[in-house]
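Comments concern the structure below.
Coordinate-derived values only; no laboratory data. Everything numeric in this text was worked out from a predicted model, so none of it was measured. Using ideal geometry, Cβ is built from the backbone for each residue, glycine included, and neighbour counts are taken over all protein chains shown.
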Amino acid sequence: MHVGTSYVYTGQLFFADTISSRVYRTKRYRSHGQADTSNGSDSIYAGAGGSRARLRLTSRGKGNGYRGAITLGVSPE
């Protein structure tokens, strides 16, 4: 998509439901409640390739979050 002279991409990242549940139980996210959509009931997740679309995360240790990486290629043509 063009915005002025720039290309703009909007996407979505998917995480394992077990990790999402763990994050929502932490002090920082507890007030938000639990996720309202699991991967299994998310049509966008299914359309993106299901488990192949999940970002693989590694724990940085208790209370220190997670680390993940993605490679994104965009062809403007």
Discussion item. Suppose each label sits 7 Å from its Cα in the direction of the beta carbon; what would the Arg25-Gln12 distance come out to in nanometres?
Written reply: 2.5
Discussion item. On a full-extension model of 0.36 nm per residue, what is the gain between Tyr66 and Ser38, subtracting their alpha-carbon distance, rounded to one decimal in nm?
Written reply: 8.2 nm
Worksheet entry | Column: log10 I(q)/I(0), Debye, Cα scatterers of the chain, q = 0.11, 0.12 Å⁻¹ | -0.40, -0.47
